[in-house]
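What follows is one structure encoded as structure tokens, with my remarks underneath.
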Amino acid sequence: MIGSLAAVEPLAGLGAYVTFKSALQMLVRTVAVENKDAGLTANVILPGTMDTPANRKSMANADFSKWLPAAAVAEVAFWLAGESTAHITGMSLPIE
């Protein structure tokens, strides 16, 4: 899953968003526990602000240079899908 760093670093004025992202983190941990014996893994990547067209539009005055490229999140997801990480499950991976 792709969550948000807001799950562990709350932001003022975004209570519903932070609550959902925190709940997603717990759902992934539960899925990991429920499927451990089946050999399935479940993890959640917690990126900081991602550099996407939608974020640029909604935060037009922000400093985009500090934002995380979407490709970096995709690289972590691809890595987690590999055989070498078959033992990693129930983890929350913050990236900035």
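With each label modelled as a point 7 angstrom along the Cα→C-beta vector, the ASP63-THR85 pair spans 2.9 nm. Let a ≥ b ≥ c be the square roots of the eigenvalues of the Cα gyration tensor of region 39-88; is it rounded (a/c under 1.5), or, if not, prolate (a/b larger than b/c) or oblate? Prolate is the answer for region 39-88, as a/c is 1.5 or above and a/b outweighs b/c.
In this structure, ALA70 and ALA16 have a Cβ-Cβ separation that, at R0 = 30 Å, corresponds to a calculated FRET efficiency of about 0.80. Distances between placed amide hydrogens fall under 5 Å for MET50 paired with LEU68, all partners being 5 or more residues away or on another chain. Counting only residues at least eight positions apart within a chain, or on another chain, the lysines with an alpha carbon under 17 Å from that of LYS66 are LYS57.
Distance between the pseudo-spin-label points of LYS36 and ALA54 (7 Å out from Cα toward the beta carbon): 3.4 nm. Annotation: amide H of LEU93 within the under-5 Å range of VAL44, ILE45, LEU46, sequence separation 5 or more or interchain, hydrogens built in the peptide plane. Expressed as a whole percent, the accessible area of the chain that falls on carbon and sulfur atoms is 61 (1.4 Å probe). Of the two radii for the chain, the radius of gyration is 1.02 times the Kirkwood radius, both from the alpha carbons; that is the Rg over Rh value. For the chain, adding -39500 (n - 2.57) for each run of n ≥ 4 DSSP H residues and dividing by the number of residues yields -12500 deg cm²/dmol at 222 nm.
Tell me the net charge near PRO69. Cut-off is 15 Å between Cβ atoms, PRO69 excluded, with +1 for each Lys or Arg and -1 for each Asp or Glu. Around PRO69, the charge tally is -2.
The values are calculated or read from the model by the stated rules, or taken from the named source; none is laboratory data. Keep in mind it's a predicted model, so treat the numbers as computed, not measured. When we count neighbours, we look across all protein chains shown, and the Cβ atoms used for this are built from the backbone with ideal geometry, even at glycine. Note: accessible area is taken over every heavy atom of the protein model, side chains too, but ligands, DNA and RNA are not part of it. Shrake-Rupley method; radii C 1.70, N 1.55, O 1.52, S 1.80 Å.
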